[in-house]
Amino acid sequence: MVPVQCGNLILILKVNTMNNSAAKKEPSIMVGGFVLGGAMIGAGMFSLPTIMAGAWFINSVVILLVVCFFMFHSGIYILECISKYGAGTNYFFISKELLPRWACYIANMALIFVLYILIYAYISAAGSVIKEAAAIYGYNINLRLIFIIFTLILGASIWWSGVGASRLTSLFLFIKIILFILAFSGLFFIVKTDLLLTSPVEGGQTALLPFVFIIIPYAITSFGYHGNVCSLYKLYHENERKVVKSCVIGCVLALVLYFLWIMGTMGNLPRAEFLTIINKGGNLDAFIESLYAVLNSKNIATFLLWFSISAVFCSFLGVAIGLFDYILASLNFKDNPSGRMKSALLCFLPPLILCMLFPNGFLIAIAYAGMAACIWAIICPAVMALKVRERFPDSRFKVWGGKGLIYAVIAFGVVGIICQLLAQFNLLPIYR
């Protein structure tokens, strides 16, 4: 999940403002849909097949559908709240208006934690996948050196220019889509349906049900688009229907691609093969190595490798731009080289140091991001929706489902937190 991927959105906003200012036309809902889809689909998707190996294909697809349903509604609860205060309103403002002070601080701390932990996850993933790519071409590069160079180069692009970093993000997004098509079109031709539809253990799909709960925090991270809702509301000139339709398109796009992804991977890797990946820390290099062992096509494996590199770069830039701007604005740093340097150091040093100490933390970082997202992206938006309906009882825009759906979303967020806590204390069945 990429909770705040504002780089692409800023660029789209500027382009559409120039093109449509005279006619005052709103952009197509496909624009917003692809922005949200790009925010959700990133390096985090590599954690899905590994963590879903326990429950296997059919159970995992059901969990994806359930998580997508609740994440979609929690996102448009944010839309319902900001629609009462007008375009330009952000998450911090509505949380300050609608939540108790202590809850507001917890929500925003959870948001910051998600951004930091995802940057750490993406530096870790970048190091492993770049090291793997270098090894293919005969080079052995120190993993921690890769961490430093990767962070310095992409961090410098964000420090130098937000617009430049946005364009770089768009470039990696375009490359990622092309490589996704090239890699996956090959994977689908060699999918073994018996691997997907036949239960790998005695007792059928029911015997795999205990493993579904660990999937929830990871799937929550993979459907995180909530940080872009406020910007979309401004983009569509406070047209709630267009924002909702964009959210539908973005969530469906992510859902379809995740379905294809787990079908292509689980349809080629036996369930036992995922134990090798898990025992190596679940990082991208272990995942790609396992695919190399079963793929007959060197081209498919190469496309998959470079797709993973572009996905990591795109995800890192998207999250880092959001955190960099958040720090710059929150601490009132001046938007000049000195102020941007302060923001950059606070943005990149903590996750880089964490990577130097714990280099293989990709999977666990994604899980913790999911747990924190349960607070700021699921529970808090639902609670704010209850509060905003009390304050604005005659509002023209309300999310369907009434209080029953709001309480169901809150309950789902609590379940997500409980699942991760139980997993942390080894009280939840995990395939390993």
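Taken together, the values in this text are just the output of simple stated rules run on the coordinates, not laboratory data. On a predicted model such as this, the values are computed, not experimentally measured, just so you know. Cβ coordinates were reconstructed from backbone atoms using ideal geometry, including for glycine residues, and neighbour counts include every protein chain displayed.
Just a few scattered comments:
- For residue 407 and residue 144, the difference between the fully extended length at 0.36 nm per residue and the C-alpha to C-alpha distance is 90.2 nm.
- Net charge, residue 309 excluded, C-beta distance under 10 Å - Lys, Arg +1, Asp, Glu -1: 0
- The C-alpha atoms of the range 199-291 occupy a region whose extents along the principal axes are 53, 32, 21 Å, arranged from largest to smallest.
- Derived from the Cα gyration tensor, the three semi-axes of the equivalent ellipsoid of the range 362-432 are 32, 11, 8 Å, largest first.
- For the peptides 104-112, 306-314, 54-62, the ranking by packing is 306-314, 54-62, 104-112, with the highest mean count of neighbouring Cβ atoms within 10 Å listed first.
- Average silhouette area of the chain, convex hull of alpha-carbon atoms, in square nanometres: 20.8 nm²
- Using alpha carbons only: equivalent-ellipsoid semi-axes of the range 204-245, gyration tensor based, whole Å: 36, 11, 5
- Pairs of alpha carbons in the range 50-179 separated by more than 27 Å make up 48% of all such pairs.
- Within the shell defined by Cβ-Cβ distances under 15 Å, the residues around residue 394 carry a net charge of +3, with Lys and Arg each +1 and Asp and Glu each -1.
- Quotient of C-alpha Rg and 2.2 N^0.38 Å, computed over the range 281-432: 1.41
- Available extension along the chain between residue 135 and residue 153 is 4.4 nm, counting 0.36 nm per residue and deducting the alpha carbon span.
- Highest average first, the peptides 354-360, 252-258 ordered by how many other beta carbon atoms sit within 10 Å of their residues are 252-258, 354-360.
- Quotient of Cα Rg and 2.2 N^0.38 Å for the range 131-250, N being how many residues it contains: 1.56
- In terms of packing, defined here as the mean over residues of other Cβ atoms within 10 angstrom, the peptides 208-214, 399-405, 78-84 line up highest first as 78-84, 208-214, 399-405.
- Length gained on full extension, residue 105 to residue 256: 50.8 nm, using 0.36 nm per residue less the C-alpha separation.
- Membrane-span-like helices of the chain, defined as complete DSSP H segments with a Cα extent of 24 Å or more along the helix axis and a mean Kyte hydropathy of at least -1.0, are identified as 56-82, 101-136, 143-160, 162-189, 240-266, 298-330, 337-357, 402-424.
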